[in-house]
Amino acid sequence: MRGPTSTPIIPLAKLPTNSTSTTTPTPPKVGEELLYNITFLCNSYEDQFKSTHSFVSSTSSKVTSLANDVHQLQSSLQKQNEKIDTLTQVLSILNTMEQDVSVGRSRKEAEEILMTQLASLEELFSVQELRDIQYDGMILPSLVSPFIECYYLPKYWNEKASLFDEKEESSSHVCREIVTNICHLAKCICSHAKDKEQHERTQQLIYTLVTQHVVPRVKHAFQSTLSWDPLVQVEDGLRLYESLIDSVKENENDMGVDDDVKEEEGLFGVQHDDEDVIMELQAAASAACNQTSNTKTLVNLVKEEIMFDVIYPRLYRTLHEWKPIIFNQ
């Protein structure tokens, strides 16, 4: 960079040959040199300013991004702490429920305690969270099942004893009472919900509990050759099946569920003499199996699981194996 005090450079060709003679150098053009120097400095500082500004801008965006990350981490940490507190309360309620079932309280007192604990449990979650964890479809039936097994089911219900044993209490009466109690319990549990939601939750809970605790046991009783003989115990089977169907229908009528199936006339519907009709009914039942559990009513499920899948095949095999005995006079 050239300043106003700089001297011009003289080429060698123009240097004087005589050592005694001297020439006076031409003074520089001060204005041009000053303008050059100022322009050079301005350009240099402008470049430095741009690089500094770019560094500050990038650093500022990084600081903002880091601040957002810190805020998100703090929010996530707070939510996790809230979830931990919620799960701790849930665990405490579940432990209390387990202890209450094993204490051996009276049925009315245990039922009131169960309602209170379930209400406290539902208050810990929002409506969307209850749907996400499938509370009505999976968790609630699992929580209610120990109470049902302890207070609603007789001792012989889940044992290998036959439901048609004359020594035990009438199985048809017990079956009706179990279904009635389950329906009453489900209505009490879902009573705090809104009208439409209450209807849907109650029906779903009844459907799940009956299919878990009643239908498999009755189906097993009809399947076992040691438990039910279609030739000898027809009336016993009729009473048990119709008791289950009637109790389920009473619940669905109370809840306003439409039953598209016509009323049966006896155990097998309209009476026919031809055994091929039984096979036709079985074919119709297998076609009904394509329905999902969400579209089936509980009555249709009971008919399909017990009548179509068990009773009709056993009657068909019995009729097929039966041969008349002719006595010679």
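The values are calculated or read from the model by the stated rules, or taken from the named source; none is laboratory data. Predicted, not measured: the structure shown is a model, and the values here were computed from it. Note that we place each Cβ from the backbone using ideal geometry, even for glycine, and neighbour counts take in every protein chain shown. For the accessible areas, the whole protein counts, side chains as well, though only heavy atoms, and no ligand, DNA or RNA atoms are used. Shrake-Rupley method; radii C 1.70, N 1.55, O 1.52, S 1.80 Å.
Values computed for the structure shown
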| read-out | value |
| --- | --- |
| LEU91 assigned to a helix (DSSP H, G or I), more than 30 Å from LYS219 (Cβ to Cβ), open to solvent by 20 Å² or more (accessible area, probe 1.4 Å) and modelled with pLDDT of 90 or more | yes |
| Subset of the range 203-254 that is acidic (Asp, Glu) and assigned to a helix (DSSP H, G or I) - its residue that is nearest to the chain's Cα centre (by Cα) | GLU252 |
| Pair list, Cβ < 8 Å and 6+ apart or interchain, from the range 111-129 residues that are part of a helix (DSSP H, G or I) to residues that are of a type in the set (Phe, Trp, Tyr) | GLU111/PHE147; GLU111/TYR151; LEU114/PHE147; GLU122/TYR135 |
| Count - residues of the range 207-234 that are in contact with an Asp or Glu (Cβ under 8 Å, 6 or more places away or on another chain) and either crowded, with 21+ Cβ neighbours inside 10 Å or of a type in the set (A, V, I, L, M) (or both) | 3 |
| Meets criteria (open to solvent by 50 Å² or more (accessible area, probe 1.4 Å), under 13 Å from PHE147 (Cβ atoms) and touching a residue at least 40 places away in the same chain (Cβ under 8 Å)) for GLU98 | yes |
| Scan of the range 182-212 for residues that are in contact with a Lys or Arg (Cβ under 9 Å, 6 or more places away or on another chain) and of a type in the set (S, T, N, Q), ordered by number | GLN198, THR202 |
